[in-house]
Amino acid sequence: MTIGEALYEERQKLGLTQENMVKGIINKGHYSKIERGLENISIDTLFRIILKHHIDISDFFNKVKDNYYTFEDKKAEELKQKIMYAFNNNQREELRIYLNEILDLKEHQIFKYRTVIAKLSN
């Protein structure tokens with residue numbers, strides 16, 4: 001889901017018109033284009049809208065994150081879940097396998113370091 005689609009969904013849940021959604025923040029015409037994916041929104045404007053309407057930020061970003069994650073980001077998220085499960089269940093062989101997969105990631109340096117430290121302390 002795009003940011004515009006998520007904003008549209010939140011606006012519908014709130015029962016607001018586009019004008020009421022952005023009153024005092026940006027003009028309705030610009031907002032309409034954001035919802036339709038024709039224009040981008042600044043992070044400042046996005047936060048102002050979210051905070052004005054008490055939209056749960058975590059829920060909002062969970063709706064849109066998959067649209068903005070790279071393949072490697074998705075792989076790292078999957079590995080975080082797997083390694084936590086293996087760590088909590090003392091599955092040493094799985095930990096070794098997941099550690100190697102994590103070390104093969106091109107990005108996510110902090111995740112790599114945390115995993116190595118956790119493995120060493122286990």
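The values are calculated or read from the model by the stated rules, or taken from the named source; none is laboratory data. Note that the structure is predicted; figures quoted are calculated from it, not measured. All Cβ positions, glycine included, derive from the backbone under ideal geometry; neighbour counts span all protein chains shown. Surface accessibility is based on the protein's heavy atoms, side chains included, excluding ligands, DNA and RNA. Shrake-Rupley method; radii C 1.70, N 1.55, O 1.52, S 1.80 Å.
Give the residues of segment 25-42 that are closer than 12 Å to I3 by Cβ and touching a helix residue (DSSP H, G or I) at 6+ places or on another chain (Cβ under 8 Å), sorted by residue number. Selection gives Y31, I34, E35, R36, G37, E39, N40, I41. On inspection, S121 passes the criterion of being of a type in the set (S, T, N, Q) and farther than 20 Å from M1 by Cβ.
State the number of residues belonging to segment 63-116 that are of a type in the set (D, E), over 30 Å from A6 (Cα atoms) and loosely packed, with under 13 Cβ neighbours inside 10 Å. Final tally of qualifying residues: 2. Listed by position, the helices (runs of 4 or more DSSP H) contained in segment 1-80 that have at least 3 residues being modelled with pLDDT under 95 are 57-68.
Whether a residue is farther than 30 Å from Y8 by Cα, open to solvent by 80 Å² or more (accessible area, probe 1.4 Å) and modelled with pLDDT under 95 was assessed, and L120 passes this test. Taken together, the residues in segment 15-61 that are open to solvent by 80 Å² or more (accessible area, probe 1.4 Å) and at positive phi amount to 1.
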